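Colleague: I am attaching a structure below and will ask some questions about it afterwards.
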Amino acid sequence: MEIKHLNRAVDELKEAIANFPVGATTLDDFKPTDEKIIDIRKSLTALNARRLTLHAIIDSGISSNEPQGDLIKSFEKLNESSTNYLINSKTLKLCYQSRAIQDIVYKGAGTPEIQEKVKACLNKLFMVNDKMTAKNEKRKELVKKQYQLKKEFHHAIYHHQEVLQEKEARKNQHLQETNPDIVQLKEKINRSIAKIYTMKKLITNLIAAMSEHLQDNEELIDMLSKHKEVINLETIIELTQKQSSGNS
């Protein structure tokens, strides 16, 4: 049971190391882009509210009266009102710009030169939008194809594992009937190999998490090189045969 928990922890560590962004130097760099955008929006909201508060204090002068009510709720309400004000201001500005473009395109407002420039910009905008739409559709198709290939790949791996397990079961059944001592010895060796392999994965993943220290510690690089190979019963038999032939 402890080996299963350790294996699960090692796999989670390996996945975290593999998915860590290239070039990241702090834990904040590990955040997804969506979370970073949310954090930046919250920071901007607070900064805008602070700016408006300071402007209000400067314009009206500092009051000597004690604040009434809950100060935290007042600041939260101020932040919310400031955010709504900024959103509404930007929305109103965009509405004015859209109305101006509509008047130029459909009602002939402005000079002929301005009308020509606006129409040229709109044509370029529509072309870029069409290209982006086509790329987005292509990306969706590629993602769908990638998902299908991954699904087929995992299915093939699962089928191959089932075939190997059936072959191993038949082989063990034959050994059990002919020589049960070999089966018990093989099971004992496999349990030892599983423990060794778990420790190898733990060592390599922990060293990979210390990537900033690899350049200054050649011992860690040598250790990674020694533990990169997979150990199983076949490799142990091969190593034993090589050692026996070398001694002879």
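Colleague: On the given criteria, is Ser225 farther than 20 Å from Asn7 by Cα, under 29 Å from the mean Cα position of the chain (by Cα) and modelled with pLDDT of 70 or more? Outline the logic, then answer.
Modeller: Working: farther than 20 Å from Asn7 by Cα: yes; under 29 Å from the mean Cα position of the chain (by Cα): yes; modelled with pLDDT of 70 or more: yes.
Against the criterion (farther than 20 Å from Asn7 by Cα, under 29 Å from the mean Cα position of the chain (by Cα) and modelled with pLDDT of 70 or more), Ser225 qualifies.
Colleague: Go through (1) touching a helix residue (DSSP H, G or I) at 6+ places or on another chain (Cβ under 7 Å); (2) of a type in the set (Ser, Thr, Tyr); (3) at pLDDT below 65 and name the single condition Thr45 misses.
Modeller: Answer for Thr45: the failing condition is (3).
Colleague: Let me ask something else about it. For the stretch 189-215, name all the residues that are closer than 27 Å to Asp11 by Cβ, at pLDDT below 75 and loosely packed, with under 12 Cβ neighbours inside 10 Å.
Modeller: Met210, Ser211, Glu212, His213, listed by residue number.
Colleague: Here are the criteria: (1) within 30 Å of Arg8 (Cβ to Cβ); (2) at pLDDT 80 or above. Tell me which single one Leu122 does not satisfy.
Modeller: Answer for Leu122: the failing condition is (1).
Colleague: Before we move on, is Gln115 part of a helix (DSSP H, G or I), at pLDDT 80 or above and closer than 30 Å to Ile237 by Cβ? Break it down into steps so the answer makes sense when it comes.
Modeller: Numbers: part of a helix (DSSP H, G or I): yes; at pLDDT 80 or above: yes; closer than 30 Å to Ile237 by Cβ: no.
Against the criterion (part of a helix (DSSP H, G or I), at pLDDT 80 or above and closer than 30 Å to Ile237 by Cβ), Gln115 does not qualify.
Colleague: If you don't mind, another one. Based on this model, can you work out whether Ile231 counts as farther than 25 Å from His5 by Cα, modelled with pLDDT under 75 and surrounded by 11 or more Cβ atoms within 10 Å (Cβ to Cβ)? Give the steps one after another, and end with the answer.
Modeller: Values: farther than 25 Å from His5 by Cα: no; modelled with pLDDT under 75: yes; surrounded by 11 or more Cβ atoms within 10 Å (Cβ to Cβ): yes.
Here the answer is no, as Ile231 does not meet what is asked.
Colleague: Is it true that some residue in the stretch 175-188 is of a type outside the set (Val, Ile, Thr), modelled with pLDDT of 85 or more and either closer than 27 Å to Asp11 by Cβ or touching a Phe, Trp or Tyr at 6+ places or on another chain (Cβ under 6 Å) (or both)? Give the steps one after another, and end with the answer.
Modeller: First pass over the stretch 175-188, keeping only residues of a type outside the set (Val, Ile, Thr): 175-177, 179-181, 184-188.
Checking which are modelled with pLDDT of 85 or more leaves us with none.
Scanning the stretch 175-188 turns up no residue that is of a type outside the set (Val, Ile, Thr), modelled with pLDDT of 85 or more and either closer than 27 Å to Asp11 by Cβ or touching a Phe, Trp or Tyr at 6+ places or on another chain (Cβ under 6 Å) (or both).
The values are calculated or read from the model by the stated rules, or taken from the named source; none is laboratory data. A quick note: this is a predicted structure, and the numbers were derived from the prediction, not measured. So basically every Cβ, Gly included, is an ideal-geometry build from the backbone, and we count neighbours across all protein chains shown.
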